[in-house]
Amino acid sequence: MRPLIVANWKCNPKSLAEAKKLFNVIKKTKAIICPPYPYLHMGNPKSEIRNSKLGAQDCFWEQEGAFTGEISPKMLKDLGCKYVIIGHSERRKYFNETDEMVNKKLLAAFEARLKPILCIGEKEGEEMDLVVKNQLLKGLKNIGNIQMRDLIIAYEPVWAIGTGNPCKPEDAIKAASFIRNILTKLYNKKLAEETLIIYGGSVDSKIARDYIKAGFDGLLVGGASLNAKEFRKIVKNA
Ligand code: PGA
């Protein structure tokens with residue numbers, strides 16, 4: 001199977017004109033592009049991004065109502081999104097997102113028929129297994145076998161994100177096996193084996209392939225996804 005490559009643009013670029021420029025270069029890659037909300041309308045089937053797949057970087061846990069400033073999963077679905085990143089470490093750090101909030105967002109995303117990309121991973125100095133187990137057990141509460149089919153898990157050690165210091169593929173894949181082991185205890189074995197687990201954290205075109213060779217199902221790319229040429233190389237090399 002072709003590796004699943006996800007571009008997480010974070011809060012970039014500053015203008016629609018720049019966003020369109022970037023779209024135009026990467027639209028043929030078939031990667032999943034997760035731009036900021038104001039650029040999601042480009043995901044309209046008639047627009048630039050039609051060859052790629054569209055995702056959002058977050059969503060709220062209610063579908064509608066008096067929640068000023070929030071964006072609901074059903075709105076994202078209606079705009080053409082297929083995917084949504086949930087629980088990214090930057091949301092946990094800057095917006096105090098807890099595993100309980102992550103769980104509510106996951107349930108709402110499934111309800112809207114989006115495929116959530118759940119981000120988990122330890123901070124510098126933390127024990128990977130303790131953190132990841134806790135994030136999984138709390139984050140996946142009340143999520144059953146049927147919903148699990150659409151879940152993607154991104155192992156992103158926080159210390160490797162945006163630092164230029166990626167986690168070595170041989171270490172990262174140990175974390176992926178640990179994650180799969182936990183899934184095997186929570187879900188039916190086949191599903192646990194088939195759940196896509198991708199890696200994120202300072203991936204560039206030189207190392208992208210190493211993670212796929214090690215056994216990852218794809219990559220979540222932040223910084224390098226803003227450089228169209230480099231991102232195309234990542235997709236090609238992976
Ligand atoms: P990075 O970000 O590639 O810039 O390290 C990855 C992410 O935050 O998903």
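Numbers for the structure displayed
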| quantity | calculated |
| --- | --- |
| Search result, residues across segment 82-102 that are touching a residue at least 12 places away in the same chain (Cβ under 8 Å) and under 15 Å from the mean Cα position of the chain (by Cα) | Lys82, Tyr83, Val84, Ile85, Ile86, Gly87, His88, Ser89, Glu90, Arg91, Val102 |
| Lys189 being basic (Lys, Arg), at pLDDT below 95 and out of contact with any Cys (no Cβ under 8 Å at 6 or more places or on another chain) | yes |
| In segment 86-104, residue nearest to the ligand (Cβ to nearest atom) [restricted to those that are surrounded by 24 or more Cβ atoms within 10 Å (Cβ to Cβ) and not small (Gly, Ala, Ser)] | His88 |
| Residue among Leu220, Leu226, Leu137 that alone is in contact (Cβ under 8 Å) with a residue 12 or more places away in the chain and away from the ligand (no atom under 15 Å from the Cβ) | Leu137 |
| Where Arg180 falls short, out of the listed (1) away from the ligand (no atom under 12 Å from the Cβ); (2) closer than 27 Å to Thr29 by Cβ | (2) |
| Residue within segment 114-134 that is more than 15 Å from the ligand (Cβ to nearest atom), within 16 Å of Asn8 (Cβ to Cβ), of a type in the set (A, V, I, L, M, F, W, C) and touching a Pro at 6+ places or on another chain (Cβ under 9 Å) present | yes |
| Helices (runs of 4 or more DSSP H) wholly inside segment 108-215 that include at least 2 residues being among the acidic types (Asp, Glu) and surrounded by fewer than 19 Cβ atoms within 10 Å (Cβ to Cβ) | 169-186, 189-194 |
| Qualifying residues in segment 156-175 (those that are under 14 Å from the mean Cα position of the chain (by Cα) and touching a residue at least 60 places away in the same chain (Cβ under 8 Å)) - the one farthest from Gly121 (Cα to Cα) | Ile161 |
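The values are calculated or read from the model by the stated rules, or taken from the named source; none is laboratory data. Quick caveat: nothing in here was measured; it's all calculated off a predicted structure. Glycine also receives a Cβ, built like all others from the backbone with ideal geometry; neighbour counts cover every protein chain displayed.
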